[in-house]
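In what follows, a structure is listed as structure tokens, so that the remarks can point back to it.
The values are calculated or read from the model by the stated rules, or taken from the named source; none is laboratory data. Keep in mind the model is a prediction, meaning the values are calculated, not measured. Neighbour counts are summed over all protein chains in view; Cβ atoms, including those assigned to glycine, are modelled from backbone coordinates with ideal geometry.
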Amino acid sequence: MAEIVAGAAAALTCGRCWATLKGTVYEVRAGSGRLARCLPCALMHLPLVARSLTIALIVGTILTAINQGNVIVQGDATLALAWKIPLTYAVPYCVATAGAILNARSKTAPTGGLD
Ligand SMILES: [Zn+2]
């Protein structure tokens, strides 16, 4: 695993796929440290996925109860709910993931010149 070292002169690489990180780096938490990742690897970082799924489960359930609860309780559920309910869970997952990714984003250390 590649740990992020401030001011490191060597090229920064993703600690998962070993791609050279140019421009934007995503710093994901691992234990007490932070690890450098490319965007695809940051999106598949298991703690981030687990946290987003937890948020989606909680918020999606609340939103489904608010928006479709009466229809479900009355037993009048239609086929339209088959796509509305999964979307209701997908939205908080995307919002939580986007927030975490934007919060983890940082610029790589400049390799020379002024930035
Ligand atoms: Zn990667």
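Kindly evaluate M1 against the criterion of being under 16 Å from A104 (Cβ atoms), within 16 Å of the ligand (Cβ to nearest atom) and modelled with pLDDT under 95. Steps first, please.
Values: under 16 Å from A104 (Cβ atoms): yes; within 16 Å of the ligand (Cβ to nearest atom): yes; modelled with pLDDT under 95: yes.
Yes; evaluated as a whole, the condition is true for this residue.
Taking residues in segment 12-39 that are among the β-branched types (V, I, T), and partners anywhere that are in a loop (DSSP other than H, G, I, E, B), the pairs with Cβ atoms closer than 6 Å and at least 6 places apart or on different chains are T13/A2; T20/A11; V25/T108; V28/H45.
Report whether or not G60 is loosely packed, with under 13 Cβ neighbours inside 10 Å and either under 22 Å from A96 (Cβ atoms) or not charged (D, E, K, R) (or both). Write out each step before concluding.
Numbers: loosely packed, with under 13 Cβ neighbours inside 10 Å: no; either under 22 Å from A96 (Cβ atoms) or not charged (D, E, K, R) (or both): yes.
No.
All conditions in (1) within 16 Å of the ligand (Cβ to nearest atom); (2) farther than 27 Å from K107 by Cβ; (3) of a type in the set (G, A, S) hold for A42, with the sole exception of (2). Of everything in segment 20-36 that is modelled with pLDDT of 90 or more and loosely packed, with under 15 Cβ neighbours inside 10 Å, the residue that is nearest to K107 (Cα to Cα) is T24.
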